[in-house]
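Engineer: Pasting in a structure now, in structure tokens, and then I'll have a few things to ask.
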């Protein structure tokens, strides 16, 4: 029998608890959304209790965070797969504007569903275009262009 040192015993005892969620990342332009999809009920996220069917973005309800612009686009991957009230979803989103964040959240939710059950959800999500990342980003500014990406400097008239 091999004896373990004290540090090896500590490492074995301090293993991280098994995660009870599916994690996925969605990106769009400068926005990055980190999505957690929980299958069980009454999740404690900070001081907020989240039940099935709830979607929280940056510790606010998704409807409240995205407002009128959201038009509940982020629910489409759930609606297409008939899983609207089956999961509790938390999202941390950063960078970009609200519309870029909205698209990032939608992609993140679709990717989480894809990870959950690839055989069942992937064909539907793929067909509807939810698993495609939109590659369009802002064009970088070029040197000698007067501050914009494509603008030319004005030449002198005389």
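Engineer: Going by a ≥ b ≥ c, the root eigenvalues of the Cα gyration tensor, does the range 47-87 fall in the rounded group (a/c under 1.5), the prolate group (a/b larger than b/c) or the oblate group? Write out the running numbers ahead of the final one.
Structural biologist: Details: a/c = 3.27, a/b = 1.12, b/c = 2.91.
Oblate is the answer for the range 47-87, as a/c is 1.5 or above yet b/c matches or exceeds a/b.
Engineer: Order these peptides, 53-61, 86-94, 37-45, 108-116, by their mean beta-carbon neighbour count within 10 angstrom, highest first. Write down the numbers at each step before the final one.
Structural biologist: Working: 53-61: 16.9, 86-94: 20.3, 37-45: 14.9, 108-116: 23.4.
So the peptides 53-61, 86-94, 37-45, 108-116, ranked by packing, come out 108-116, 86-94, 53-61, 37-45.
Engineer: Restricting the count to DSSP beta bridges whose residues both fall in the chain, what percent are antiparallel, rounded to a multiple of 5? All intermediate terms of the calculation are to be shown ahead of the outcome.
Structural biologist: On the way: 20 of 23 bridges.
Antiparallel bridges: around 85 percent, rounded to the nearest 5.
Engineer: Okay, moving on. Would you list the P(r) distribution for the chain, with all Cα-Cα distances sorted into 5 Å bins from 0 and each bin expressed as a whole %?
Structural biologist: 2, 8, 14, 17, 14, 10, 7, 6, 7, 6, 4, 2, 1, 1, 0, 0, 0, 0, 0
Engineer: Quote the relative contact order of the range 19-128 in percent (integer), defining contacts as alpha-carbon pairs under 8 Å separated by 6+ residues.
Structural biologist: Details: 208 pairs, mean separation 42.0, N = 110.
Result for the range 19-128 is 38 percent.
Engineer: Sticking with this one: Subtract the Cα-Cα distance of residue 152 and residue 122 from 0.36 nm times their separation in residues, and report this length gain in nm to one decimal.
Structural biologist: On the way: separation 30, 0.36 × 30 = 10.80 nm, distance 4.59 nm.
Working it through step by step, the gained length comes to 6.2 nm.
Engineer: In the range 37-104, what percentage of the DSSP-assigned beta bridges are antiparallel, given to the nearest 5?
Structural biologist: Working: 7 of 10 bridges.
Within the range 37-104, antiparallel bridges account for around 70 percent of the total.
Engineer: Could you give the angle, 0 to 90 degrees to the nearest 10, between helix 118-128's Cα long axis and the longest principal axis of the Cα atoms of the chain?
Structural biologist: The helix 118-128 is inclined about 20 degrees to the chain.
Engineer: Next up: Return one number: the angle in degrees, 0 to 90 and rounded to the nearest 10, between the long axis of the Cα atoms of helix 98-116 and the longest principal axis of the Cα atoms of the chain.
Structural biologist: Compared with the principal axis, the helix lies near 40 degrees.
Engineer: As an exercise, find the ratio Rg/Rh for the range 101-158 from alpha-carbon atoms, using the Kirkwood inverse-distance average for Rh. Numbers along the way, then the final one.
Structural biologist: Values: Rg = 20.6 Å, Rh = 14.7 Å.
My calculation of the ratio gives 1.40.
Engineer: With springs only between Cα atoms under 10 Å, which of 76, 47, 30 fluctuates most in a Gaussian network model of the chain?
Structural biologist: 47
Read-outs throughout are calculated quantities, based only on the coordinates presented, and are distinct from any laboratory measurement. Since we're looking at a predicted model, the values are computed, not measured. Cβ coordinates were reconstructed from backbone atoms using ideal geometry, including for glycine residues, and neighbour counts include every protein chain displayed.
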